[in-house]
Amino acid sequence: MKIGIILYPTYGGSGVVATELGVALAMRGHEVHFFSTARPFRLPAFQENTYFHEVPVVGYDLFDNAPYTLTLSSTLFDAFKMYKLDVLHSHYAIPHATAAYLAREMNGGLPPVITTCHGTDITLVGAHPAYAPVVKFTLEQSNAVTAVSHDLAAETRANIGYLGKTDVIYNFIDTELYKRDACVQRRDWLATSDEPIILHISNFRPVKRIPDLITAFAKVRENVKAILVLAGDGPARSNAEFQVRELGLQGEVRFLGKQTGLIDLLSVGDIYLLPSNKESFGLSALEAMSCEMPVVGYDVGGLPEVVINNESGFLHPVGDVDALASSILRLVNDTELRKVMGQAGRKRAEEVFHINTIIPQYEKLYTETLHETQARCAGRCCAL
Ligand code: GMT
């Protein structure tokens, strides 16, 4: 098939999932066209069967903000004419699903648009009254809608009022790539061998509750030796650095900033921490599980569909920092428990979220949606 994928190019779960989905589809012989304002950071330099279309952001003195939705629609429309795409897959509803709808209508009703809701497009930004009506409309106008967890599908009904069909297709992991690769030297510069490494990777937005993470670590440090490693960057980072200095923990907390060698990092971590306010899925938790790390976090959103409480990690009510700290402490003190839970997480990643289980679900949805759309618009859609 010829598949268009609209995505955000920067650090963030929806862009990562969209890129890895496109690469996997290309490796299975499909022709994949990525649409974004910049080359997605996880897209390999030269990848067979992939095309990248840069969406221009065209400003003008009159505009406070350049209307990206419109330039994206025009770029998509041009590509429909040139490449005759079979389906267009929009990742993140705002504004991608709206631009996809516009381009499809400009093109006479084809190709069918599949929208994947990722999380904040529904639970946070999308729920804002400034966006909710257009998000609801564009989901209703999509030819198929998917959500990355059952919890997010329910939120799409409750928050946005979208009552149409939503297929749940979980995010996925290549467990052959994401596997623990023991290399003691790499670990040495972060911690000594008797200091377990507690790891967190994110884009440091308020939803990640970084202050909880640091407070919990401070409580753990009162009792045992451990190192907190924080990778990524974003608006909550400078306050986090301040909090660490206030607590006198500069020697025990390492801020690495944005990293590309994620598997190396995941291979040296011992416990993964993800205490988000909301997490529709928690892709980084799945990456950690695949690298045999137990996950400690909050029992919220789709995270309990990924991490099984008491089996592959510990999940607590949002804001219960004492409970977070006591679970981390338990894992720091019990190497065997860490190992058992880490292996349980790896097994779950292989059995439920394996790339080869999930990608065919998207392929099936594309084929069915294309056939349904063709049957419905036979003779009437001018693009046919
Ligand atoms: O929250 C992020 O770090 C980024 C965000 C995004 O929109 O890119 O992630 C959302 O989509 C990911 C991929 O489907 C999910 O794994 C994250 O749980 C989800 N984030 C939230 O729901 C807060």
Could we say that L303 is within 16 Å of the ligand (Cβ to nearest atom), modelled with pLDDT under 95, at negative phi and within 16 Å of the chain's Cα centre (by Cα) here?
no
Every residue from the range 314-343 that is open to solvent by less than 30 Å² (accessible area, probe 1.4 Å) and either assigned by TED's automatic domain parsing to the domain that holds L152 or under 18 Å from S267 (Cβ atoms) (or both)
L331, M341, G342
Go through the residues of the range 156-176 one by one and say whether even a single one is outside the structural domain of S14 (by TED's automatic domain parsing), open to solvent by 70 Å² or more (accessible area, probe 1.4 Å) and either hydrophobic (A, V, I, L, M, F, W, C) or closer than 13 Å to L273 by Cα (or both).
no
Given (1) assigned to a helix (DSSP H, G or I); (2) within 16 Å of the ligand (Cβ to nearest atom), identify the lone condition not met by R186.
(2)
List the residue pairs whose Cβ atoms are under 6 Å apart, where the first residue sits in the range 278-289 and is in the same structural domain as V125 (by TED's automatic domain parsing), the second is surrounded by fewer than 24 Cβ atoms within 10 Å (Cβ to Cβ) and assigned to a helix (DSSP H, G or I), and the two are 6 or more positions apart or on different chains.
none
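A quick yes/no check of all residues on (1) under 23 Å from the mean Cα position of the chain (by Cα); (2) open to solvent by 10 Å² or more (accessible area, probe 1.4 Å):
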{"residue": "D188", "(1), (2)": "no, yes"}
{"residue": "H200", "(1), (2)": "yes, no"}
{"residue": "V207", "(1), (2)": "yes, yes"}
{"residue": "T215", "(1), (2)": "no, yes"}
Hey, does the range 73-82 have a residue that's within 16 Å of the ligand (Cβ to nearest atom), at pLDDT 95 or above and in the same structural domain as H53 (by TED's automatic domain parsing)?
no
List the pairs whose first member sits in the range 49-65 and is within 15 Å of A38 (Cβ to Cβ), whose second member is of a type in the set (K, R) and assigned to a loop (DSSP other than H, G, I, E, B), and whose Cβ atoms are under 8 Å apart, counting only residues at least 6 apart or on separate chains?
F52/R39; E54/R39
Given (1) at pLDDT 95 or above; (2) under 21 Å from Y68 (Cβ atoms); (3) in contact with a Ser or Thr (Cβ under 9 Å, 6 or more places away or on another chain), A130 misses just (3)
Which residues, counting only those in the range 136-189, are more than 24 Å from L21 (Cβ to Cβ), among the hydrophobic types (A, V, I, L, M, F, W, C) and modelled with pLDDT of 95 or more?
F137, A158, L163
Answer yes if at least one residue in the range 80-99 is surrounded by fewer than 24 Cβ atoms within 10 Å (Cβ to Cβ), of a type in the set (G, A, S) and either under 17 Å from L7 (Cβ atoms) or touching a residue at least 12 places away in the same chain (Cβ under 8 Å) (or both), and no otherwise.
no
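When the residues of the range 2-60 are filtered to those that are of a type in the set (D, E, K, R), closer than 17 Å to V87 by Cβ and out of contact with any Leu (no Cβ under 7 Å at 6 or more places or on another chain), which remaining residue is most open to solvent (accessible area, probe 1.4 Å)? Steps first, answer last, please.
Step one: list which residues in the range 2-60 are of a type in the set (D, E, K, R), which gives 2, 20, 28, 31, 39, 42, 48, 54.
Those still in the list that are closer than 17 Å to V87 by Cβ too: 2, 28, 31.
Filter once more, keeping what is out of contact with any Leu (no Cβ under 7 Å at 6 or more places or on another chain): 28, 31.
Values: R28: 109, E31: 45 Å².
Of everything passing the filter in the range 2-60, R28 is most open to solvent (accessible area, probe 1.4 Å).
The values are calculated or read from the model by the stated rules, or taken from the named source; none is laboratory data. All figures in this text were calculated on a predicted structure; none of them were measured in a lab. Cβ sites come from the backbone with ideal geometry, for glycine too, and all protein chains shown count toward neighbours. When the accessible area is computed, the model is the full protein with side chains, heavy atoms only, and any ligands, DNA or RNA have been set aside. Shrake-Rupley method; radii C 1.70, N 1.55, O 1.52, S 1.80 Å.
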